[in-house]
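The values are calculated or read from the model by the stated rules, or taken from the named source; none is laboratory data. Quick caveat, the model's predicted, so the values are computed rather than measured. Note: ideal-geometry Cβ built from the backbone for every residue, glycine included; neighbour counts use all protein chains shown. Areas reflect the complete protein model, heavy atoms only, side chains present, ligands, DNA and RNA absent. Shrake-Rupley method; radii C 1.70, N 1.55, O 1.52, S 1.80 Å.
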Amino acid sequence: GLAKMAGGTVGVVASQPAVNNGVIDADACTKAARMIRFCDAFAIPVLTFVNSEGFATLKEASKLSNAYSEATTVKLTVVTGAAYGPLYIAVAGRGAGADLAMAWPTAVISALAPETAAAILWSDKLKGSSNPIADRAKLVEEYKESEASPFVAAAEGHIEDIVAPAEMRSKLIAALDMLAGKRVTNLPKKHANIQL
């Protein structure tokens, strides 16, 4: 939807993890892509709040990825919960062309879902376990804290800042003010080849 922030209009794209087991479905991808293209057409900044674990379909995910990567308007991203693999790259990361990416201290940012990453990368830690189900759950939590935390993502340059929820509004307003004069020139072409 559209909102006002510090007297200016912004477009807001947010995922809702309670729907569809934390994945963004086809309708949501299409709706978000249309919103981003609308905002880009009128140079309205886009604020994206990410809390999803993946995409339900690749075709619509490619539409959303195309909309983000092609948009030249100001794009700010806040990871409020989960952001795994392709979803982070397509929606929140540098691949999406975000001008500024931030995260809450409780966010989980990972190239793989923590359950998958812990099972694959740390499988040797489960060998000889007397209670593999409980030990796997502990391993997943350890992976989230040690490898998929926003602090690791910030140290590796995937996000620029870790901000407490109470301070988020002032950080977003400052970022919008800083990026107000953003100008991008594209290569000469008639249009992109969006997935239809």
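Data for the structure
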{"read-out": "Carbon + sulfur, % of accessible area of the chain - ligands and nucleic acids excluded, 1.4 Å", "value": "57 percent"}
{"read-out": "Debye, to nearest 20: dipole size of the chain, +1 on Lys, Arg Cβ, -1 on Asp, Glu Cβ", "value": "760 debye"}
{"read-out": "Per residue convex hull volume, Cα atoms of the stretch 1-104, in Å³", "value": "87 Å³"}
{"read-out": "Peptide ranges 97-110, 151-164 listed from the most packed, as the mean C-beta count within 10 angstrom indicates", "value": "97-110, 151-164"}
{"read-out": "Percent RCO, i.e. relative contact order, over the chain, from Cα pairs under 8 Å lying at least 6 residues apart", "value": "18 percent"}
{"read-out": "Å² per residue, accessible surface of the chain at 1.4 Å", "value": "55 Å²"}
{"read-out": "Degrees, to the nearest 10: 168-178 long Cα axis against longest axis of the chain", "value": "40 degrees"}
{"read-out": "Other-chain or far-sequence residues with amide H under 5 Å of residue 112's (modelled H)", "value": "85"}
{"read-out": "Amide H partners (placed H, <5 Å) of residue 79, local residues excluded", "value": "50, 102, 103, 104"}
{"read-out": "3J(HN,Hα) from dihedral phi, the stretch 21-29, Karplus parametrisation 6.51/-1.76/1.60, rounded to Hz, x for glycine, proline", "value": "6, x, 9, 8, 7, 4, 5, 5, 4"}
{"read-out": "Positive-end residue, the chain charge dipole about Cα centroid, Cβ charges, pick of 184, 148, 24", "value": "184"}
{"read-out": "Theoretical FRET efficiency, 1/(1+(r/R0)^6), r = Cβ-Cβ of residue 183 and residue 142, R0 41 Å, to 0.05", "value": "0.35"}
{"read-out": "Which of 98, 130, 119, positive extreme of dipole for the stretch 95-187 (C-beta unit charges)", "value": "98"}
{"read-out": "Dipole moment magnitude, nearest 20 debye, the stretch 18-108 about Cα centre, only Lys, Arg, Asp, Glu C-beta charged", "value": "120 debye"}
{"read-out": "Cα Rg, Dmax (largest Cα-Cα span) when computed across the chain, Å", "value": "18.0, 63"}
{"read-out": "Ranked by how many other beta carbons lie within 10 Å on average, peptides 24-32, 2-10 from highest", "value": "24-32, 2-10"}
{"read-out": "Mean-position separation - Cα centroids, the stretch 75-124 and the stretch 131-166, in angstrom", "value": "10 Å"}
{"read-out": "Equivalent ellipsoid semi-axes, the stretch 27-77, via Cα gyration tensor eigenvalues times 5, rooted, Å", "value": "19, 12, 8"}
{"read-out": "Förster radius 35 Å - calculated FRET efficiency between residue 16 and residue 135 (Cβ-Cβ, nearest 0.05)", "value": "0.65"}
{"read-out": "Beta bridges per DSSP with both ends in the chain, % antiparallel, nearest 5", "value": "15 percent"}
{"read-out": "Within straight-line cross-link reach of residue 63, aspartates and glutamates at Cα separation under 14 Å, skipping those fewer than 8 residues along the same chain", "value": "25, 27"}
{"read-out": "Computed [θ] at 222 nm, helices only, for the chain once each DSSP H run of length n ≥ 4 contributes -39500 (n - 2.57)", "value": "-11000 deg cm²/dmol"}
{"read-out": "Under-5 Å amide H pairs with residue 14, H placed in peptide plane, nonlocal only", "value": "49"}
{"read-out": "Too-long pairs where the Cα-Cα distance tops 28 Å, listed order kept, from 59/171; 59/127; 4/182; 144/171; 138/171", "value": "59/171; 59/127; 138/171"}
{"read-out": "Cα Rg over Rh - the stretch 136-186, Kirkwood", "value": "1.18"}
{"read-out": "The stretch 51-93 - convex hull of the alpha-carbon atoms, volume per residue in Å³", "value": "57 Å³"}
